[in-house]
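Participant: The structure that follows is given in the form of structure tokens.
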Amino acid sequence: MIDSYASADDVAVAIAGARAGADVVRTMYGQRLHRIDKGAGDFATAADVDAEKAILGIIRAARPDDAVLGEEGGQHGDADAVRQWLVDPLCGTLNYAAGSMLVAVNVALRDGAAAVADPFSGEVFFTDGETSWGRREEADDVLLTPTPATGLVDVNLDPPFAGAPGFRTVDLLAHPEFGERFRPRVVSTTLALAWVAAGKRAAYVTHGGDLSQSVHFAAGIALCRAAGCTVTGIDGAPIGETGRGLVAAADDETHGLLMSMIRSRS
């Protein structure tokens, strides 16, 4: 089956990889899994490791000369390769280990195709870098259309708080205008970025450093950009080597409102 992807385009490889990882995550859900301590309260499980192996199997068969950076296995191939895949096999491990289904599988070709799979809804969100789509089994692909209509904003509250003592995303929740305009949600997984692109969320906000080449965020950022979302760092600057964190909003107005609140708390 893996060999069938050898002649596929990059979008198909990204989707196949994300689905392969999602199959593992879904199959192992609810089992008592060995935990691999990463320090500072973070850990991986056997599901993270096995899902990454399944994704790597797809990429290696289809693109044997490409480099891969995996959340669990680290760098495979030349880190400076022109073509490098960024793989987060289970985003939301803490949720998963606690029996919550709010998780995602992220696969992205740097500056190219990307896919985010929801193992439990069966949805796959994907982009060729120009347009973003959603796919369910036995259903036509749907163009992702961002909208702020829900008024729901996902805020990443996970430590470490990279901006402290400056702006921290937790500070946003205390802003009086935030509660007047938006309703916070905290899912602790970048599935929320796919939801912004799909119109299920108005925005997503997280602190941090440069997230543009992060295995956690690259796929979601690619989806949002291709869908037409407004995407910057928490300082309003373009995401890149000098960027900080992430604000991905359905439209310019929502982004502007959030940025004004962030700046008043910085």
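Participant: Given N residues in the chain, what is its alpha carbon radius of gyration divided by 2.2 N^0.38 Å?
Facilitator: 0.96
Participant: I would also like to ask the following. By the scheme Lys and Arg +1, Asp and Glu -1, what is the net charge of all other residues having a beta-carbon under 9 Å from that of Thr150?
Facilitator: My count for the surroundings of Thr150 gives +3.
Participant: If you line up the long axis of helix 46-62 against the longest principal axis of the chain, both from Cα atoms, how many degrees apart are they, to the nearest 10?
Facilitator: The angle comes out near 60 degrees.
Participant: A further question follows. For the chain, which span is the longest to avoid every loop-located (per DSSP) member of trypsin sites (Lys or Arg not before Pro) having at most 16 other Cβ atoms inside 10 Å?
Facilitator: Free of exposed loop sites, the longest segment is 137-266.
Participant: Provide the solvent-accessible area of Leu191, counting protein heavy atoms only and rolling a 1.4 Å probe, rounded to the nearest 10 Å².
Facilitator: Taking all protein chains as shown, Leu191 has close to 0 Å².
Participant: Let me ask something else about it. What is the ratio of the Cα radius of gyration of segment 46-128 to 2.2 N^0.38 Å, with N the residue count, to two decimals?
Facilitator: In units of the globular-protein estimate, segment 46-128 measures up at 1.09.
Participant: Further question on the same structure: Given a 1.4 Å probe and the protein chains all in place, what does the accessible area of Asp158 round to, in Å² to the nearest 10?
Facilitator: 70 Å²
Participant: If you don't mind, another one. When 1/r is averaged over all different Cα pairs and the result inverted, which Kirkwood radius in Å belongs to segment 122-266?
Facilitator: 15.0 Å
Participant: Right, something else. Restricting to DSSP loop positions (anything but H, G, I, E, B) with no more than 16 other Cβ atoms inside 10 Å of their own Cβ, which chymotrypsin sites (Phe, Trp or Tyr not before Pro) remain in segment 135-209?
Facilitator: Phe161
Participant: Antiparallel DSSP bridges in the chain: what percent, to the nearest 5?
Facilitator: Of those bridges, close to 75 percent are antiparallel.
Participant: Please tell me the relative contact order of segment 149-250 in percent, rounded to the nearest whole number, where contacts are Cα pairs under 8 Å and at least six residues apart.
Facilitator: 30 percent
Participant: On to the next question. Run the helix sum for the chain: -39,500 (n - 2.57) per DSSP H stretch of 4+ residues, divided by residue count, reported at 222 nm to the nearest 500 deg cm²/dmol.
Facilitator: Dividing the helical sum by the residues of the chain leaves -9500 deg cm²/dmol.
Participant: How high is the relative contact order of the chain, in percent, counting Cα pairs under 8 Å that sit 6 or more residues apart?
Facilitator: 17 percent
Participant: Before I look further, what does the chain give for accessible area per residue, probe 1.4 Å, in whole square angstrom?
Facilitator: Per-residue accessible area for the chain comes out at 44 Å².
Participant: Only bridges whose two residues both fall in segment 34-97 count here: according to DSSP, what percent of them are antiparallel, nearest 5?
Facilitator: So the antiparallel bridges amount to about 65 percent of the total.
Participant: How much of His216 can a 1.4 Å solvent probe reach, expressed as accessible area in Å² and rounded to 10?
Facilitator: Surface accessible to solvent at His216 totals approximately 60 Å².
Participant: Alpha carbon centre of segment 68-129 versus segment 192-246: separation in Å?
Facilitator: Using only Cα atoms to place each centre, the spacing works out to 15 Å.
Participant: Report the net charge of residues surrounding Val25, where surrounding means a beta-carbon distance below 11 angstrom and charges are Lys +1, Arg +1, Asp -1, Glu -1.
Facilitator: Around Val25, the surrounding residues sum to -3.
Participant: Still on this structure, I have one more. Of all the C-alpha pairs in segment 61-103, what % are more than 15 Å from each other?
Facilitator: 51 percent
Participant: For segment 187-266, go through all pairs of different Cα atoms, get the mean of 1/r, take its inverse, and jot down that Kirkwood value in Å.
Facilitator: 12.2 Å
Participant: I've got another one for you. Mind listing which GluC sites (Glu not before Pro) in segment 27-120 are in a DSSP loop and have 14 or fewer other Cβ atoms within 10 Å?
Facilitator: Sites meeting the loop and neighbour criteria: none at all.
The values are calculated or read from the model by the stated rules, or taken from the named source; none is laboratory data. These numbers were taken from a predicted model, which means no experiment stands behind them. Using ideal geometry, Cβ is built from the backbone for each residue, glycine included, and neighbour counts are taken over all protein chains shown. Ligands, DNA and RNA are excluded from the accessible area calculation, which covers all protein heavy atoms including side chains. Shrake-Rupley method; radii C 1.70, N 1.55, O 1.52, S 1.80 Å.
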